[in-house]
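**Student:** Handing you this structure, nothing more for now.
The values are calculated or read from the model by the stated rules, or taken from the named source; none is laboratory data. No experiment lies behind these values; they were computed from the predicted model shown. Here the Cβ positions follow ideal geometry from the backbone for every residue, glycine too, while neighbour counts run over all protein chains shown.
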Amino acid sequence: MTTAEGAATVEPPAGNVKWHPAAKRWYEALAESGQAAFYEPSDWATAYVIAESMSRDLRPQPIGVDRDSGDPVMAVVPIKGTNLAAYLRAMTSLLVTEGDRRRARVELERGGEAEAHPDVPNIDDYRRRAG
């Protein structure tokens, strides 16, 4: 593996206040998620574009023209399957789901998990004892 130095500090850019609520929730959730510790500015730029596109797809879209006024007729339409597939592929590259992180061999730990489940055996203890 070749390594390079990452950005000194990485701050996620603020989301667009005009985004659809679902796109805004998704983008804000990224900043709260553990995998964001690995994000570089380019990852945040990718996430921003995904959220922008999702927001546009989730908003009402022109579906025709009013015959009397000539104004566009707008309606909320389901996200096209190809667009959804593209979003999911892009999200995979950002390690958004547990499955994505497992495939990349990234594990997130929550503080206090061991105390929260005292009856669950600790696999690391078994590994240490097994040698």
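**Student:** Mind counting the residues in the range 32-43 that are more than 17 Å from Asp100 (Cα to Cα) and among the hydrophobic types (A, V, I, L, M, F, W, C)?
**Tutor:** So the count comes out to 0.
**Student:** Can you list the helices (runs of 4 or more DSSP H) lying wholly within the range 48-131 that have 2 or more residues being at pLDDT 95 or above and within 29 Å of the chain's Cα centre (by Cα)?
**Tutor:** Qualifying helices (runs of 4 or more DSSP H): 81-93.
**Student:** Go through the range 21-40 and report how many residues are over 10 Å from the mean Cα position of the chain (by Cα) and touching a residue at least 24 places away in the same chain (Cβ under 8 Å).
**Tutor:** Here the count works out to 6.
**Student:** Continuing with this model, one more query. When you go through Ala85, Ala29, Ala47, Ala75 one by one, which is the residue that is surrounded by fewer than 12 Cβ atoms within 10 Å (Cβ to Cβ) and closer than 15 Å to Pro13 by Cα?
**Tutor:** Testing whether each residue is surrounded by fewer than 12 Cβ atoms within 10 Å (Cβ to Cβ) and closer than 15 Å to Pro13 by Cα leaves just Ala29.
**Student:** What are the pairs, 6+ residues apart or on separate chains, where a residue within the range 84-111 that is without any contact (Cβ under 8 Å) to a residue 12 or more places away in the chain has its Cβ under 8 Å from a residue that is surrounded by fewer than 14 Cβ atoms within 10 Å (Cβ to Cβ) and not in a helix (DSSP H, G or I)?
**Tutor:** Qualifying pairs under 8 Å: none.
**Student:** Considering only residues that are in contact with a helix residue (DSSP H, G or I) (Cβ under 6 Å, 6 or more places away or on another chain) and in a loop (DSSP other than H, G, I, E, B), which ones fall in the range 14-46?
**Tutor:** Gly15, Trp19, His20, listed by residue number.
**Student:** Return yes when Tyr39 is surrounded by 10 or more Cβ atoms within 10 Å (Cβ to Cβ), of a type outside the set (Asp, Glu) and at pLDDT 95 or above and no when it is not.
**Tutor:** In short, no.
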